[in-house]
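The values are calculated or read from the model by the stated rules, or taken from the named source; none is laboratory data. Here the structure is a predicted model, which means the values were calculated and not measured. Here Cβ is always computed from backbone atoms with ideal geometry, including for glycine, and neighbour counts include all displayed protein chains.
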Amino acid sequence: MLIKIEWPSTTATKAELWRILDLSGMTNSVRESRNFTKAGFLYFNGNLTKSLKAKVSVGEIFTLELRFTNGVIKSRELMVVSRVPRTASRSLEPTQKYYRG
């Protein structure tokens, strides 16, 4: 099953793999994602990546795996998409019907 991740930048063409780990929900925090990457548990399309500078192109379909030393493997097929830029201004009207503010 393909999971689409919305990258928080509208102008970026590349996304860091360690940050994608956190945004995809494979890890519980950004710190955990960085530690797993540095420890050598992260595999990108079957290849080991230990660098925090490893990036993937926005719009590319790829596979990320966390391979732990006890034999547990978490694998997901992902795609990073850029956020659609907001062109219209936000409404000043409340979203709730009985909002008192």
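Here is how the numbers come out for the structure above:
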item: Selection from the range 67-82 of residues that are assigned to a strand (DSSP E or B), β-branched (Val, Ile, Thr) and over 23 Å from residue 13 (Cβ atoms); result: 73
item: One residue from 78, 42 being in contact with a strand residue (DSSP E or B) (Cβ under 6 Å, 6 or more places away or on another chain), surrounded by 17 or more Cβ atoms within 10 Å (Cβ to Cβ) and of a type outside the set (S, T, N, Q); result: 78
item: Index of the failed condition, residue 53 passing every other in (1) exposed (fewer than 11 other Cβ atoms within 10 Å of the Cβ); (2) at pLDDT below 90; (3) touching a strand residue (DSSP E or B) at 6+ places or on another chain (Cβ under 8 Å); (4) of a type in the set (D, E, K, R); result: (2)
item: Residue match in the range 48-66 (condition: part of a loop (DSSP other than H, G, I, E, B), basic (Lys, Arg) and either under 12 Å from residue 16 (Cα atoms) or more than 13 Å from the chain's Cα centre (by Cα) (or both)); result: yes
item: Boolean, residue 27 is β-branched (Val, Ile, Thr), surrounded by 11 or more Cβ atoms within 10 Å (Cβ to Cβ) and part of a helix (DSSP H, G or I); result: no
item: Pairs where the first residue, in the range 10-21, is of a type in the set (Ser, Thr, Tyr) and the second is part of a loop (DSSP other than H, G, I, E, B) and surrounded by fewer than 15 Cβ atoms within 10 Å (Cβ to Cβ), C-beta under 6 Å, 6+ apart; result: 10/83; 10/85
item: Restricting the range 6-17 to residues that are within 8 Å of the chain's Cα centre (by Cα) and at pLDDT below 90, the residue that is surrounded by the most Cβ atoms within 10 Å (Cβ to Cβ); result: 7
item: Check on residue 20, modelled with pLDDT of 90 or more, of a type outside the set (Lys, Arg) and in contact with a strand residue (DSSP E or B) (Cβ under 9 Å, 6 or more places away or on another chain); result: yes
item: Condition met for residue 33 (outside any strand (DSSP E or B), closer than 28 Å to residue 87 by Cα, hydroxyl-bearing (Ser, Thr, Tyr) and in contact (Cβ under 8 Å) with a residue 12 or more places away in the chain); result: no
